[in-house]
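Peer 1: Provided herewith is a single structure, encoded as structure tokens, for subsequent inquiry.
A short reminder: the numbers here are calculations on the coordinates, not readings from a lab. In this text, all values refer to a predicted model and were calculated from it rather than measured experimentally. Cβ coordinates were reconstructed from backbone atoms using ideal geometry, including for glycine residues, and neighbour counts include every protein chain displayed.
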Amino acid sequence: MSLILTDITLTHPDGDGRLTALDRVTLEVPGGGLTAVVGPSGSGKSSLLAVAATLITPDSGTVAVDGTDTTGLSRGELADLRRNRIGIVFQQPNLLPALTAAEQLQVMTRLDGRRPRAARGRALELLDAVGLADRAGRRPHQLSGGQRQRVNIARALMNDPGVLLVDEPTSALDHERGAAVVDLITRLTRERGTATVLVTHDRAQLAAADRVARLHDGRLDPPAPVG
């Protein structure tokens, strides 16, 4: 399992010209490792995640997800790849108010035609892994902020992805709950062998990473080991 971005350039329209969001970015994230990406606002962090998630096609360069070069894949093929091989943890959990914690995860499997019983078993297994086995029947309003983010993480893992992309997961949490969420992401990365990218502005979270890559003005410095 791995994520490899090679010589990625991404530009956006800007008046009569183009604004460079990513400038020849190269990043390799091995399975079982957590790479943190840091940088000031506007440095290109969100663009980097969007390209890695195959949500945006870069102007040039290649993205390889778990050994698959995404260049030239159709929209349908990219959608299948995202659904089955990429897990995305958004800043806000965006849980569906009417669904229980277990049902939030089960929804992820319906497009794949899995049997309901198998999907529920997988959902309960993941909720147990994130420490919420006793909250499977609770709806979002019955969960704390930290618990909702844990459901968000479990949902991203529902289809056993090889790549996990995490966008500022602690932005709405206090320090204690935020540290617990980052510890959880680190543990699950190790246990499940995912290639994990954590975008963060909180330098206190960097101790949990294996490597840190710094992004500035669309350029990415080579990742450096933590410590």
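Peer 1: With no solvent and one point on each alpha carbon, what is the Debye value of log10 I(q)/I(0) for the range 29-69 at q = 0.18, 0.21, 0.30 Å⁻¹?
Peer 2: Relative scattering, expressed as log10 I(q)/I(0), comes to -0.62, -0.81, -1.17.
Peer 1: How far apart, in nm, are the 7 Å Cα→Cβ label points at Thr6 and Ala79?
Peer 2: 2.9
Peer 1: Please work out the FRET efficiency for the pair Asp183 and Asp217, using the Cβ-Cβ distance as r and a Förster radius of 22 Å; give the result to the nearest 0.05.
Peer 2: Values: r = 32 Å, r/R0 = 1.44.
Working from the Cβ atoms, E equals 0.10.
Peer 1: With only Lys, Arg, Asp and Glu charged, each at its Cβ (+1 for the first two, -1 for the last two), find how big the charge dipole of the chain is about the Cα centre; round to the nearest 20 debye.
Peer 2: On the way: 27 positive and 26 negative charges, 196 e Å.
Taking the Cα centre of the chain as origin, the dipole is about 940 debye.
Peer 1: Taking 0.36 nm per residue of sequence separation and subtracting the Cα-Cα distance, how much length would be gained by fully extending the chain between Thr62 and Arg138, in nm to one decimal?
Peer 2: Working: separation 76, 0.36 × 76 = 27.36 nm, distance 4.17 nm.
Gain on extension, Thr62 to Arg138, equals 23.2 nm.
Peer 1: Determine the percent antiparallel among the DSSP beta bridges restricted to the chain, to the nearest 5.
Peer 2: Working: 21 of 38 bridges.
Antiparallel bridges: around 55 percent, rounded to the nearest 5.
Peer 1: In whole Å, what are the Cα extents of the range 129-227 along the three principal axes, biggest one first?
Peer 2: Rounded to whole Å, the extents work out to 44, 28, 25 Å.
Peer 1: HN-Hα J couplings of the range 86-96 from phi, Karplus 6.51/-1.76/1.60, θ = phi - 60°, integer Hz, Gly and Pro as x?
Peer 2: 10, x, 10, 10, 7, 4, 9, x, 6, 6, 7
Peer 1: Oh, and also: Between Ala224 and Ala98, with labels modelled 7 Å along Cα→Cβ, what's the label distance in nm to one decimal, could you check?
Peer 2: 5.2
Peer 1: Further question on the same structure: Can you give the convex hull volume of the alpha carbon atoms of the chain per residue, in Å³? Intermediate results must be reported in sequence, preceding the final value.
Peer 2: On the way: hull volume 29.3 nm³, N = 227.
Value for the chain: 129 Å³ per residue.
Peer 1: Any idea what log10 I(q)/I(0) is at q = 0.24, 0.25 Å⁻¹ for the range 1-81, Debye with uniform C-alpha scatterers and no solvent?
Peer 2: With no solvent term, the Cα-only Debye profile gives -1.24, -1.31.
Peer 1: Once the Cα gyration tensor of the range 52-148 is found, what semi-axes does its equivalent ellipsoid get, as square roots of 5 times the eigenvalues, in whole Å, sorted largest first? Walk me through the intermediate numbers first.
Peer 2: Numbers: eigenvalues 182, 50, 26 Å².
Computed over the range 52-148, the values are 30, 16, 11 Å.
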